[in-house]
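The values are calculated or read from the model by the stated rules, or taken from the named source; none is laboratory data. Source: prediction; values computed, not measured. Cβ: placed from backbone, ideal geometry, glycine included. Neighbour counts: every protein chain shown.
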Amino acid sequence: MNSGDNKGKVALVTGAGTGIGKAVALALLREGYRVALVGRRAEPLNQLVAESGSDAALAVPCDVSQPEAVRAAFDKVAQVFGRLDLLFNNAGVGAPPVPMEELTFEQWQNVVNINLTGSFLCAQQAIRLMKAQSPQGGRIINNGSISAHAPRPNSAPYTATKHAITGLTKSISLDCRHFNIACGQIDIGNAHTEMAARMAKGVPQANGEVAIEPLMDVNHVAEAVVHMAALPLATNVQFMTIMATKMPFVGRG
């Protein structure tokens, strides 16, 4: 695709400072988007702006679990860029991999606040902007994860929130299609990021064994998001699964 096709389009990426978010933000910048980089810590966002060498990148520090902070972040994007064409809801955290009964309430709540409530709050503000702007509409892509389909051992908070993201995606698709807002979900398995690096050293499996799992280049994930984003709003990838081909997902084990 030619980057000129996206000249002037505006994207907002949450969890943009590292991993999948960073790779997607850089890919969107290469495609001609103006990109708001949202994350809790300013330092990695500013580093990403410098690394991109682009004046189309805007660092917007924000805790997505806080309604006022999210509202302020989207207000800034509207003020600086004038509109919003794409939200990539990507910010996410996990809890310690311990038996469910050993999790503290605070550990559970932190995952729910960031993964689920944060995605809702960002989608809510994106919808408000997309409904009000001219031309009306835009696209929301939620990062669901393979955990939206199947859990890993001792992952109840993360798995529960990622299953919930699927419901959020479907609700946004239904409620917002009249306003030319498309919503899809990308479910990612074993992209080679800081968060997933432990897969190469061995992680617990369903049968109790510990096994090394294959990883894939995170840039392939970024390309998939760019593809979903590049479609006309009359067309939507409702759900996409992209994964390391040989990871233990399809089948029993």
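At a glance:
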read-out	value
Count - residues of the stretch 201-237 that are of a type outside the set (A, V, I, L, M), closer than 14 Å to A27 by Cβ and out of contact with any helix residue (DSSP H, G or I) (no Cβ under 7 Å at 6 or more places or on another chain)	3
Exclusive hit being under 24 Å from L26 (Cβ atoms), out of contact with any Ser or Thr (no Cβ under 6 Å at 6 or more places or on another chain) and part of a loop (DSSP other than H, G, I, E, B), set M195, M240	M195
Odd one out for A229, checked against (1) touching a residue at least 60 places away in the same chain (Cβ under 8 Å); (2) of a type in the set (A, V, I, L, M, F, W, C); (3) surrounded by 20 or more Cβ atoms within 10 Å (Cβ to Cβ); (4) in contact with a Gly (Cβ under 6 Å, 6 or more places away or on another chain)	(4)
Candidate set from the stretch 212-226 (those that are in a helix (DSSP H, G or I) and not β-branched (V, I, T)); member that is nearest to the chain's Cα centre (by Cα)	A222
Out of R198, R177, sole residue that is of a type in the set (K, R), within 26 Å of C122 (Cβ to Cβ) and surrounded by fewer than 17 Cβ atoms within 10 Å (Cβ to Cβ)	R177
Some residue of the stretch 142-150 being hydrophobic (A, V, I, L, M, F, W, C), within 20 Å of D63 (Cβ to Cβ) and in a helix (DSSP H, G or I)	no
Residue among A182, A132, A156 that alone is of a type in the set (G, A, S), modelled with pLDDT of 95 or more and within 17 Å of the chain's Cα centre (by Cα)	A182
T166 modelled with pLDDT of 95 or more, surrounded by 14 or more Cβ atoms within 10 Å (Cβ to Cβ), part of a helix (DSSP H, G or I) and touching a strand residue (DSSP E or B) at 6+ places or on another chain (Cβ under 8 Å)	yes
Every residue from the stretch 5-33 that is without any contact (Cβ under 8 Å) to a residue 40 or more places away in the chain, buried (at least 21 other Cβ atoms within 10 Å of the Cβ) and assigned to a loop (DSSP other than H, G, I, E, B)	G17
Single match in A244, A234, A211 (criterion: touching a residue at least 24 places away in the same chain (Cβ under 8 Å), small (G, A, S) and exposed (fewer than 14 other Cβ atoms within 10 Å of the Cβ))	A211
